[in-house]
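The values are calculated or read from the model by the stated rules, or taken from the named source; none is laboratory data. Just so we're clear, the structure is a prediction, and the values are computed from it rather than from any experiment. Cβ sites come from the backbone with ideal geometry, for glycine too, and all protein chains shown count toward neighbours. Just the protein is used for accessible areas: all its heavy atoms, side chains included, with ligands, DNA and RNA removed. Shrake-Rupley method; radii C 1.70, N 1.55, O 1.52, S 1.80 Å.
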Amino acid sequence: MAITTAVRPIPEIGSPLPRRRPRSTKKTVGRVLGYVALGLAAAGVLLPFFWMVMSSLKTNNAVFSVPIQWIPETFVWSNYVDIWQKSDMSTWLKNTMVLSLAVTALQLLTGSFAAYGFSKVRFPGRDVLFLVYVGTIAVPWQAYMIPQFILMSKLHLSNTLWSIVALQAFGAFGVFLMKQFYETVPEELSEAARIDGLSEYGIYRRIILPLSVPALASLTLLTFVNTWNDYLGPLIYLRDPNLWTIQLGLKSFVSQYNAEYALIMTGSVLSVLPIAIIFMVGQRYFVEGIATSGLKG
Amino acid sequence: MTDLRAAPSNASRTSDRAAVPRALRSAAPRQSRSGRKMRRAGWLMVAPSIAHIGLWTAIPVIATFALSLTDYNVFSAPRWIGLENYVEIWGDPTFRKATWNTVVYTFWTVPVSMAIAVVIAVALNQKLKLQNWYRAAFFLPQVTATVAIAMVWLWIYNPQQGLLNAALAVVGIPGQAWLADPDWALWGVILVGVWQGIGIKMLIYIAALQNIDESLYEAASIDGASAVRKFFSITLPMLKPATFFVFVISIIGAFQVFDQVYVLTDGGPANSTTMMTYEVYRSAFQNFRMGMASAQSVLLFAFLLVVTLVSRRATRSDAE
């Protein structure tokens with residue numbers, strides 16, 4: 001090691017060019033290999049999705065055919081019409097949409113508000129309170145879902161959409177994410193506003209909130225997707241079929257029409273599609289949201 | 001405490017406040033008058049969140065402990081039975097199996113998906129073309145609900161028509177019954193867990209990689225370090241904080257596995273894939289034994305706490 005470092009500088013001074021060429025060819029080879037390996041891995045990860053979409057356009061018999069049929073012989077587009085008649089897809093989608101939108105809107109409001117208190121306002125006990133508050137993220141929901149359910153039943157809220165809204169209206173993760181973002185906003189900004197006589201609510205609403213659009217976008221996407229995909233919560237609280245979310249509905253459809261493979265796949269595609277679109281459009285905010293909440297945690 | 005401290009200075013402020021011209025006033029009394037206002041605003045702003053967590057988390061957590069000492073079926077009043085639920089759990093082979101399965105599931109899904117995630121993150125960090133598309137591809141399983149994709153996995157694992165056995169037949173390996181076979185079913189669930197778990201870990205790693213100082217790699221290149229050497233001597237050590245974070249959240253997540261089991265196997269065959277959360281669900285909402293389910297919840301929580309603390313110890317001392 002000592003020898004190499006001593007010897008190296010000598011050729012380097014005179015000839016940067018010859019050293020560069022072998023490295024760049026090696027780099028290209030590595031690059032191509034990298035592309036191929038990544039491409040294969042990505043294809044493997046996406047394979048289940050490809051098969052899902054293709055099967056949603058097959059006839060029932062063709063879904064499980066041997067040998068495996070990757071592309072349907074005839075595209076059965078009518079599956080996407082029939083599913084609405086054979087299932088309560090529209091009810092399920094409506095419920096899921098209502099819940100996801102309501103929960104997301106509330107979490108944006110409550111999360112950004114509380115995070116301002118924890119981040120920009122100084123008051124005694126603040127940091128300890130925040131640690132305890134955020135520490136609850138690590139407590140698994142299953143550890144306290146039963147008394148929570150009993151409490152919800154006593155309030156006559158279980159078996160209504162309100163139960164999910166009541167539980168999800170606030171979220172420690174949202175507060176944490178927003179606070180992480182607020183910490184990057186210079187302290188002088190809120191100080192200056194305070195000197196100008198703006199109240200804390202005024203600073204929150206007129207200065208900090210408009211600056212937090214990227215973080216709010218991240219929180220919107222993460223919350224919406226989580227609520228859309230939630231399974232155990234709706235399973236416990238939403239017993240009435242009229243209240244089912246898309247996940248619950250799909251599961252019951254699978255057990256009720258367990259031979260209608262193609263339609264099951266159609267339903268699956270329809271339940272994933274909104275999320276896939278949202279994810280593709282807002283990918284940047286997903287990444288940023290996870291990066292800001294993950295890195296400094 | 002805070003009132004006592006604020007009161008005297010506040011009183012003296014109010015007396016001379018009238019004398020100070022309005023323009024000058026705002027800056028000077030910040031320490032006390034608006035200091036108190038600020039404290040009040042702070043409390044008010046965090047109060048709704050604290051109240052919510054108090055009502056829906058803190059009280060239920062305490063109630064779980066109390067309920068775990070009762071026999072309660074929702075329809076009649078809870079009956080105090082002391083530690084009977086815990087005694088029953090101790091002798092219950094199903095819950096023991098569920099605990100073991102949860103540990104096995106965590107033990108395999110967490111490190112395997114972390115290893116894959118770090119390799120993909122490093123590969124994606126080379127400023128590739130189409131980088132966003134690759135990233136999206138690896139993250140898509142994470143945002144897909146398990147129910148929707150479960151049918152596809154049921155097909156992959158299907159003994160007669162499934163993809164897995166067809167692929168194995170190509171290389172001459174005899175197929176298995178996978179989810180229908182008590183020896184293989186848990187591995188089937190684990191593979192789905194790995195597939196779904198790569199995305200978020202990859203994203204955290206990508207973010208962490210972007211914070212590594214480029215000059216470290218340049219210095220290593222001058223010293224003639226190979227790419228592999230750089231990965232092990234620079235990248236991995238620099239990723240230690242991210243790894244620790246990913247590790248802890250992954251363990252917490254893995255312990256809560258429910259959806260996969262519920263939609264893929266229903267805990268079967270012969271309880272070979274049942275998990276702690278699944279048993280809690282079964283006790284509470286299928287057998288209506290709320291006290292028993294609470295006792296199982298307490299054990300789930302205690303177990304997770306121990307595992308997190310131990311693994312934290314292990315990774316921390318490893319870092320030093």
Pairwise label distance in nanometres, B:TRP80 with A:LEU109, each label 7 Å out on the Cα-Cβ vector: 4.4 nm
Considering the dipole of the stretch B:66-154 built from charges on the beta carbon (Lys and Arg +1, Asp and Glu -1) around the Cα centre, which of B:THR102, B:LEU130, B:ALA117 is farthest to its positive end? B:LEU130
Where a Cα-Cα gap under 19 Å defines reach, which aspartates and glutamates qualify for B:LYS97, not counting those fewer than 8 residues away within the same chain? B:GLU88, B:ASP181, B:ASP183, B:ASP259, B:ASP266, B:GLU279
Sum of side-chain charges, B:THR265 neighbourhood, beta-carbon under 12 Å (Lys, Arg +1; Asp, Glu -1): -3
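Sort chain A into rounded, prolate or oblate with this rule: let a ≥ b ≥ c be the square roots of the eigenvalues of the Cα gyration tensor; rounded if a/c is under 1.5, and if a/c is not under 1.5, prolate when a/b is larger than b/c, oblate otherwise. Intermediate results must be reported in sequence, preceding the final value.
Working: a/c = 2.53, a/b = 1.08, b/c = 2.34.
Verdict is oblate for chain A.
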About its Cα centre, the protein assembly as shown carries a charge dipole, from +1 on Lys and Arg Cβ atoms and -1 on Asp and Glu Cβ atoms, whose size in debye to the nearest 20 is 2240 debye
Which of A:ASP196, A:ASP88, A:ASP127 moves the most in a Gaussian network model of chain A with Cα springs under 10 Å? A:ASP196
Work out the FRET efficiency for B:ALA66 and A:THR91 from their Cβ-Cβ distance, taking R0 = 51 Å, and round it to the nearest 0.05. 0.85
Considering only Cα-Cα distances, which of the following residue pairs are longer than 24 Å: A:LYS27/B:LYS201; A:LYS154/A:LYS251; B:LYS201/B:LYS230; A:LYS86/A:LYS251; B:LYS129/B:LYS240? A:LYS27/B:LYS201; A:LYS154/A:LYS251; B:LYS129/B:LYS240
Roughly how many debye, to the nearest 20, is the charge dipole of the stretch B:201-320 about its Cα centre, given +1 on each Lys and Arg Cβ, -1 on each Asp and Glu Cβ, and no other charges? 360 debye
Amide H contacts of B:THR70 (H built 1.01 Å from N, under 5 Å, at least 5 apart or other chain): B:ILE81
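Keeping all protein chains in place and using 1.4 angstrom, which order do B:HIS52, A:HIS156 fall into by accessible surface area, from largest down?
Values: B:HIS52 30, A:HIS156 150 Å².
Sorted by accessible area, descending: A:HIS156, B:HIS52.
Out of the trypsin sites (Lys or Arg not before Pro) in the stretch A:90-142, which ones are loop residues according to DSSP with at most 14 other C-beta atoms within 10 Å?
Sites meeting the loop and neighbour criteria: A:ARG122.
How large is the dipole of chain A about the Cα centre if only Lys and Arg carry +1 and Asp and Glu carry -1, each at its Cβ, rounded to the nearest 20 debye? Spell out each step's value before the answer.
Values: 23 positive and 15 negative charges, 229 e Å.
That gives a dipole near 1100 debye.
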To the nearest 500 deg cm²/dmol, what mean residue ellipticity at 222 nm is calculated for the protein assembly as shown from DSSP H runs of n ≥ 4 alone, each contributing -39,500 (n - 2.57), summed and divided by the residues? -22500 deg cm²/dmol
Mean-square fluctuation check for chain A, GNM, Cα pairs under 10 Å: which of A:GLY233, A:GLY125, A:GLY267 is largest? A:GLY125
Any chance you could give the angle, 0 to 90 degrees and rounded to 10, that helix B:93-124 forms with the longest Cα principal axis of chain B? 80 degrees
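Please state the shape class of the stretch B:139-240: rounded when a/c is under 1.5, otherwise prolate if a/b exceeds b/c and oblate if not, all from the C-alpha gyration tensor. Could the numbers behind the result be given before it?
Numbers: a/c = 3.80, a/b = 2.20, b/c = 1.73.
Prolate, since a/c reaches 1.5 and a/b exceeds b/c.
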Mind checking the stretch B:26-130 for trypsin sites (Lys or Arg not before Pro) that DSSP puts in a loop (not H, G, I, E or B) and that have at most 16 other Cβ atoms within 10 Å? B:LYS127, B:LYS129
For chain A, set up a Gaussian network in which alpha carbons nearer than 10 Å are linked by springs, and say which option among A:SER268, A:SER163, A:SER90 fluctuates the most. A:SER90
